[in-house]
Structures are given as structure tokens and as C-alpha cells.
């Protein structure tokens, strides 16, 4: 059944994020406009992707709120708002009005409270999903299964990530309803909510998981006679009960504000007023947005298509401004039913193999844990960053502030404890991120609800990634480690077949830049990494060592992602100075690549977006940000997008063509099923008959001939009974 969408917009959160991401933009008459530019981009993206039937925006008011009356230090540390920010918050009301979105604000309440109240008003509406658009994690407390979800901005303002209950629990390990208890314990520096002294994220997480609410926690420890070390440490927190409860109250979003909306029809969103929006954006000088908006005007004029009731994805695609007409009609639209079929078919899991792997993994984790205890000379929690940091500082004298992998990896060869710890983390991640969720999803009681076929049925999303790459959700099988892949098997009488493009992104790079050295290597089927090593090390091909080739390989692929000297040093083991020298040498030897990158960056800075050779577009407003981190990230995206997005176009085009061929041969869905797409790889389940070799050869031929580059496309084929053999 089709679920209509109600979009609740946290206006102030979005405006603040955009203001800090793009602070140096002004209108033709000199008014600050970076926040309005970012807000416009976000709204256009969301309305084109989400197609909400209802939409409303909520603002904070400048007057003190009830929270200030409860705690006079609430937000007291914040400096006076920048005049440019205040002016844009005021103007944002006109922006929402131009977009056809009603706005509400109430003295004494924050916009968060109005959103909470709106949820309370409309959560019982039939067939409505509520989507909260925000840049503020406080909204997580409002998540309710899949009925109320939070769509929040990732780093910068170009991309969003959606949290339903499952996604939230995967990240935090507890229910969204307990998020206010978590905030009550840890506090919130951005709002000056105090929290409990000396209680950090790790302790708060342990308390929430064991006791649930703050009230339950204090009730339990006050009545407990236990004298173990943990309980005694908890009892020391009793004196802070009042501040914990106050902090929770301050963090709790109200749901009883006097919001003057009596019926959901009052906030119905029936039309995207494109002419009005373009006129408004023109006054603000947002020409780069207008350029992206006008090509899709024919597709977004008027009301949402009725086809969305049964073909929501097709309607979504029709309203995209990031696609050329050819990509839309020839690739993206035909791909919709293919991805749905792939979901229905799923891939089989061998539960016996899964259980065996889990037993071995638990044994290895236990063994590593004991080795860690012995090496550290004490018992501790290997999953506690705080305890690990103390051990590394005290026992080994490491001057570090974090236990993140990039901080401790350099000590792996010299500190045995670090090597053991990283091995432990790898195994624990296998267990918690992959084996345990897959086991739950293939539990017999779950299988019955899914049809009892013993298969996992992931969802493939074709436009979530900005590059156009197909992503995989519920679960994400694209990140399954090789060591776990053997639990995925073919059904009896069939084989799993993998067809994987060889170095497709480097071939695209060679074709786009027309670099003579790269093109020569691929046309002669030579080893591009060996050739690169020969050049940057200034040695003959025969003198290239495996270590040299490894550095060259890292550098070749790093160029695609705009890798700098620091990242190269971390991944290759080089010093930062050596890494910079290698990068300089690389661009000296492959000078056309550097020239191509500079041309791309100059064009993106001018127009605010990057476009690939097939007409796929990615907005990059952060490329002009004063924030150097955001600007550098946007530059890396600008360099990567023309390459990786063409790779996405190629694999998608291949999938469409393969279905055409197999359907004509009456093989699609019977003898041959396309099960997975993993970046540059397709995995099929093919009936094990005499025809199998010919079918595989035909599919390989489609993949290698689907797109014409200036260098040949080549595909590697593997056949086996489980995915691990491929």
C-alpha cells in the first residue's frame, strides 16, 4: 500500500548548517546569501526525491523559551548571532513561501517542539509516513519504527542520511525513545545542557543498555545492595540525580505546543511552483541552481504523477534534475523493475555454514581477548575506547588522544598490543555487523514471514549515491567481507557466476584524460600499476618490486578520489614527505591527468556543480566554502564524480541490456537470475546445464561492448557454488 509523506522541516537547523558551510556568498546587491543558497539546494533535492504530499517548516523564535526558565544557563554560552545569519533567517520565511511551504513559529517554544507537536497531531493519520528534515540529532528521539523517520544532513549540505528505528539502533544500540536519557547523562555542549559529571558516551551507553531510563537507573542503584566495582561507581552518581533529570527534561522535545493546525489538509503540498522559484532564485543571483533546475522543468511542472501510487520510483526518476533525458529513458527507468526483481529473488544463505563460522569466530575472539589481557597485564573491556586509551598511554607511553584506527595503526608493528587490538576489532566487527544481523534475518520465524525460502532479500537503491552507483540496504551486501561471502550459496542445480569489470575506473580515467601512457598500457593489456611504479621510482619495468607496485596501485586509485599526501602516507606506509614527492612525480609523468583535474575544478567553482560525459550532475556548493575542510572534500568529489559516475552508468546500462538479451532467449527469471550488483561486479544464479558456458560468454560480451571508451573494457568471470569461491 502506498504511504503518503508528511515532511516536517527544521528550518533553523538547516539554515545554521548552510550558513557555516557557505559563508562567503552574497546576492548581486551585496546581502549575505550562503545560508539561503544551501537551503534552496536542500529543498530542491528533497522535494524532487521525496515528493511529499504534505510539507511544513518550523522556526525558532528569539524570545526565551520554557527551557531558559527551567535552567538559566541553557544556551547561555552561545555568542550573539551573526547579523548576516539573522538576516537570512528572516529572509528564509520568504524562501519557504516561494516554495509553497507554510511556516510556523510560537514564542516560548523551539521549532523542535512544534515538530514534536505536529507528530502528535498527525501520527494516527492513515497511510502517512512522517519525515523530519533536519541537521540536528535531537530529533532522533522522535523516531518511531518506519512511521516517523529522521532525514539529517551528512557532512556539508549536499547529502542526507535517513534514520528509521533499525538504522538508529544499529548506530546507538538502544531504542530512539531512550535518546533523551542518553542526552540526560552525557549532556549537550551545543545547548549547554550539563549532563552528569564524568559520564561520557561509553558509560552512558552501558547505563542505558542495562537499566533503560534515567529514572530506572537511579531507582535500581539506590535500592541495590551490590558491592561490585561497577555498582559502587554507579552509586557515586546518586548525588547528581537532580541534574541528570533536569538535563533529560531540557533535552526532551515537547509535543503539546499550541500549534494552529487543525487538519492535515492545511499543509498539503500540491505543486512545485517552478516559475516562482526560478524568479526568486534569479533575484538572489543563484544562477547555478537555475541552470540545474530549468532542464527538468517539463518533468516537474504541475502535480505529482498518479503513477506514483504503483510506480513511485519511476515518478521519482521523472522529477530528477541530475539526469539527462537519455540516462532517464534508456537507463534509469528500465532499471526500476530489474532492481525490484532482484529483491524478490534474493540470495540463499547456508545457515549451517553460518553457524559454523560463528562458532569459529567466537572462539577466535575469546582467544584474542585473553591475549589482550595477557599483553596488557590486566582485564579490561576491549570495546571501551576510554580503557584502551588509558592502557596505551600508561603501559606503552603513546601520546595519542584517540583510539581510532588512523591514530593507532602506525604503532601496529612496534606495539604488540595494538596489533592484537586491531585483529580483535576486525573479528568483532565481522560478528556484530555481519554474522549476527544475517542470522537474525534468516531465523526460521523471520523466514516464514518472508516466504520461507531461506534467502536474504536486500533492497537495491539506484539514486541514493550522488555518483549514481546502486547501493544496497536491509542488509547492505555490498560491504560483506570476503571471509563471510561463503555463507551465500546457489540453490541446488544452479551455479553462482560473478562478472567483474577489471580496473574500470582507471580505464575511464585514461579515456577521459586521454593520457598517452595510460591508454597505451590498457590497449596493450599491460600492467598499469607496474608501469606507474616504473615511472615514479624511475626504474625499469623488470626492477619494479612488489612493494613498489603496491605503492603505485594505491596512488593510481588514489588519484581517482583526489587523494592527498597525508592519505597516501597512511595507506602506503610512506612518510608524508615521501608521499608528496611520489604525488608530484606522478603528475609530472602523467601530466594530462593533472591538467584534466585542474580544468574540472575550475569549471565546478564557476558553475557550482559537476557533470559527467553522459549528462549526470552533482551539485557541489561547498566548493566555494570558507571552511577549508568542506572545500577540500568538495574538490575531491568534483574529481571523483566524472569517473565513478560513468562507471555507474556503464554497469546500469549493462544490467538493462542483459535483461533484454536474456528475456529474448526466455532465460530471464528462470534459468538465469541476476542477484547482486556490487559496484563493478554482477552476481548471477544460473542453471547448471550444458548451456551455462554459452550464457556466461554472452553476458560477458554484453558487459564488454555496452559502452565505448578510448580503451577496451575487460571483464573477469568466476563460477562457483558459493560467493566466497568467486
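The values are calculated or read from the model by the stated rules, or taken from the named source; none is laboratory data. Because the structure is a prediction, the values reported are computed rather than measured. Here the Cβ positions follow ideal geometry from the backbone for every residue, glycine too, while neighbour counts run over all protein chains shown.
The figures follow:
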quantity: Residue identified as in a loop (DSSP other than H, G, I, E, B) and outside the structural domain of residue 128 (by TED's automatic domain parsing) among 244, 226; calculated: 226
quantity: Test: residue in segment 30-47 that is over 22 Å from residue 286 (Cβ atoms) and in the same structural domain as residue 121 (by TED's automatic domain parsing); calculated: no
quantity: Yes/no for residue 196 being touching a helix residue (DSSP H, G or I) at 6+ places or on another chain (Cβ under 6 Å), surrounded by fewer than 19 Cβ atoms within 10 Å (Cβ to Cβ) and not assigned by TED's automatic domain parsing to the domain that holds residue 476; calculated: no
quantity: Selected residue [buried (at least 18 other Cβ atoms within 10 Å of the Cβ) and more than 29 Å from residue 260 (Cβ to Cβ)] from 186, 134, 117, 152; calculated: 186
quantity: Qualifying position, being exposed (fewer than 13 other Cβ atoms within 10 Å of the Cβ), at pLDDT below 95, under 30 Å from residue 654 (Cα atoms) and assigned by TED's automatic domain parsing to the domain that holds residue 683, among 326, 341; calculated: 326
quantity: Every residue from segment 263-272 that is at pLDDT below 90 and either part of a helix (DSSP H, G or I) or buried (at least 16 other Cβ atoms within 10 Å of the Cβ) (or both); calculated: 272
quantity: Answer from 220, 226 - the residue that is modelled with pLDDT under 90 and more than 30 Å from residue 327 (Cα to Cα); calculated: 226
quantity: Verdict on residue 180 being touching a helix residue (DSSP H, G or I) at 6+ places or on another chain (Cβ under 6 Å), in contact (Cβ under 8 Å) with a residue 12 or more places away in the chain, outside any loop (DSSP other than H, G, I, E, B) and surrounded by 14 or more Cβ atoms within 10 Å (Cβ to Cβ); calculated: yes
quantity: Hey, residue 253 touching a residue at least 60 places away in the same chain (Cβ under 8 Å), under 31 Å from the mean Cα position of the chain (by Cα), surrounded by 17 or more Cβ atoms within 10 Å (Cβ to Cβ) and outside any helix (DSSP H, G or I) or not; calculated: yes
quantity: Matching strands (runs of 3 or more DSSP E) fully within segment 586-684 where at least 3 residues are over 30 Å from residue 40 (Cβ atoms) and assigned by TED's automatic domain parsing to the domain that holds residue 467; calculated: 672-678
quantity: Matching residues, segment 12-24, being in contact with a strand residue (DSSP E or B) (Cβ under 7 Å, 6 or more places away or on another chain) and either within 20 Å of residue 605 (Cα to Cα) or not assigned by TED's automatic domain parsing to the domain that holds residue 97 (or both); calculated: none
quantity: Out of 726, 682, sole residue that is within 32 Å of the chain's Cα centre (by Cα), buried (at least 18 other Cβ atoms within 10 Å of the Cβ), modelled with pLDDT under 95 and under 14 Å from residue 495 (Cα atoms); calculated: 726
quantity: Unique residue being over 17 Å from residue 65 (Cβ atoms), in the same structural domain as residue 24 (by TED's automatic domain parsing), in contact with a strand residue (DSSP E or B) (Cβ under 6 Å, 6 or more places away or on another chain) and not in a loop (DSSP other than H, G, I, E, B) when the list is 133, 85; calculated: 133
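Per-residue answers, yes or no, for (1) at negative phi; (2) in contact (Cβ under 8 Å) with a residue 12 or more places away in the chain; (3) within 23 Å of the chain's Cα centre (by Cα):
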position: 15; (1), (2), (3): yes, yes, yes
position: 29; (1), (2), (3): yes, no, no
position: 40; (1), (2), (3): yes, yes, yes
position: 43; (1), (2), (3): yes, yes, yes
position: 58; (1), (2), (3): yes, yes, no
